[in-house]
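This report concerns only the one structure given below.
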């Protein structure tokens, strides 16, 4: 009889843990994943453009680092979202399209400075804030862990972006 009660309790616990693993994410965690995807798309798309169009070698190098790092983060984000049954937007959000269009109108050092200002600094500041909040406040442990793991890379990008912007300040 004791063995039967123990087995029943074990089965109930196993079913409960399976249910918890597939429990729906909080709206805040879903929103974070969606905003992280949008942020990543912005940084990846504009950085791909910068790899092609930048004239300053430091801007090209920074943009290539962004492409490499954000491609990896995007792959991880897609896997995390899929494991949580969250569908991320497939097409670029309006903000990304608009930023690409605006940046695409620039040429030469004007392009480089705009990229450094808008993407290397401003977009990364926003991303650092977004990931910092999720690393502290996310409800789902996997979402929280991914945000915390990704945050140092974003902070390093932000710091490098500020140095890049400063370096370009007096370039004509």
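In table form, for the structure just shown:
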{"item": "Candidate set: the stretch 143-168, residues that are free of Cβ contacts under 8 Å to residues at least 40 places away in the same chain and closer than 22 Å to residue 57 by Cβ; chosen: the one surrounded by the fewest Cβ atoms within 10 Å (Cβ to Cβ)", "result": "166"}
{"item": "Qualifying positions in the stretch 124-137 - closer than 26 Å to residue 82 by Cα and either crowded, with 22+ Cβ neighbours inside 10 Å or free of Cβ contacts under 8 Å to residues at least 40 places away in the same chain (or both)", "result": "124, 127, 128, 129, 131, 132, 134, 135, 136"}
{"item": "Scan of the stretch 26-50 for residues that are surrounded by 17 or more Cβ atoms within 10 Å (Cβ to Cβ) and over 17 Å from the mean Cα position of the chain (by Cα), ordered by number", "result": "49, 50"}
{"item": "Criterion: within 26 Å of residue 26 (Cβ to Cβ), assigned to a helix (DSSP H, G or I) and modelled with pLDDT of 95 or more - qualifying residue of 58, 129", "result": "129"}
{"item": "Residue check, residue 42 out of contact with any strand residue (DSSP E or B) (no Cβ under 9 Å at 6 or more places or on another chain), part of a helix (DSSP H, G or I), under 21 Å from residue 135 (Cβ atoms) and modelled with pLDDT under 95", "result": "yes"}
{"item": "Filtered residues of the stretch 75-101 (kept if touching a helix residue (DSSP H, G or I) at 6+ places or on another chain (Cβ under 8 Å), loosely packed, with under 15 Cβ neighbours inside 10 Å, modelled with pLDDT under 95 and outside any loop (DSSP other than H, G, I, E, B))", "result": "95"}
{"item": "Single residue of the stretch 51-74 satisfying the filter (surrounded by fewer than 16 Cβ atoms within 10 Å (Cβ to Cβ) and without any contact (Cβ under 8 Å) to a residue 12 or more places away in the chain) that is nearest to residue 131 (Cα to Cα)", "result": "72"}
{"item": "Criterion: more than 15 Å from the chain's Cα centre (by Cα), more than 17 Å from residue 74 (Cβ to Cβ) and not in a helix (DSSP H, G or I) - qualifying residue of 106, 113", "result": "106"}
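The values are calculated or read from the model by the stated rules, or taken from the named source; none is laboratory data. Predicted model only: the values in this text are computed from it and were never measured. Because the Cβ atoms are built from the backbone with ideal geometry, glycine has one as well, and the counts that use them run over all protein chains shown.
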